[in-house]
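J.: Quick one: the structure is below, and I'll ask about it shortly.
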Amino acid sequence: MDQVWEGINAAKVLVAELTSRNPNVLYELGLAHALRKPVVLISSNEDDIPSTYRHIRVIYYDTNDPFWAINLFAKVAENILSAIKNPDEAIF
């Protein structure tokens, strides 16, 4: 847990993969929220987004799209750069 805490604390921006509602990810997302860290949310399934995060922008991807990884990478990179420039807009 110390490594998770240190990693979240040291990060400028975090990326959270919400597909499958992993409890560890949701816990770590809560820590990021408490520390007021900018977060980029991604998921392959809208139903995996908890209702408490539905007001926040989520990047969705479709693994059936042959270019899904390239498109996801580009969108995540764009959102990370935006969060670095405007961190208050990426804090929920």
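J.: Gaussian network model of the chain, Cα springs within a sub-10 Å range: biggest mean-square fluctuation belongs to which of GLU78, GLU46, GLU28?
T.: Comparing GLU78, GLU46, GLU28 in a Gaussian network model of the chain, the most mobile one is GLU78.
J.: What is the percent carbon and sulfur in the accessible area of segment 38-92, measuring with a 1.4 Å probe over the protein chains and ignoring ligands?
T.: 54
J.: Could you give the spread of the C-alpha atoms of the chain along their three principal axes, from largest to smallest, in whole angstroms?
T.: That works out to 37, 29, 26 Å along the principal axes.
J.: Given a 10 angstrom Cα cut-off, can you work out which residue in ILE42, ILE59, ILE70 is the most mobile in a GNM of the chain?
T.: Among ILE42, ILE59, ILE70, the largest mean-square fluctuation in the Gaussian network model of the chain belongs to ILE70.
J.: Follow-up question, since we're still on this one. In square angstrom, what is the accessible area per residue of the chain with a 1.4 angstrom probe? Don't skip to the end; give the middle numbers.
T.: Working: 6150 Å² over 92 residues.
Heavy-atom accessible area per residue stands at 67 Å².
J.: Also, I was wondering about something else. How tilted is helix 23-34 with respect to the longest principal axis of the chain? Cα atoms for both, answer in degrees (0 to 90, nearest 10).
T.: 50
J.: I'd like the Karplus ³J(HN,Hα) series for segment 6-14: coefficients 6.51, -1.76, 1.60, θ = phi - 60°, whole numbers in Hz, and an x wherever there's a Gly or Pro.
T.: 5, x, 5, 4, 7, 6, 7, 9, 10
The values are calculated or read from the model by the stated rules, or taken from the named source; none is laboratory data. In this text the structure is predicted, and so the values were computed from the model without any measurement. Protein only, heavy atoms only, side chains kept; ligands, DNA and RNA dropped before computing areas. Shrake-Rupley method; radii C 1.70, N 1.55, O 1.52, S 1.80 Å.
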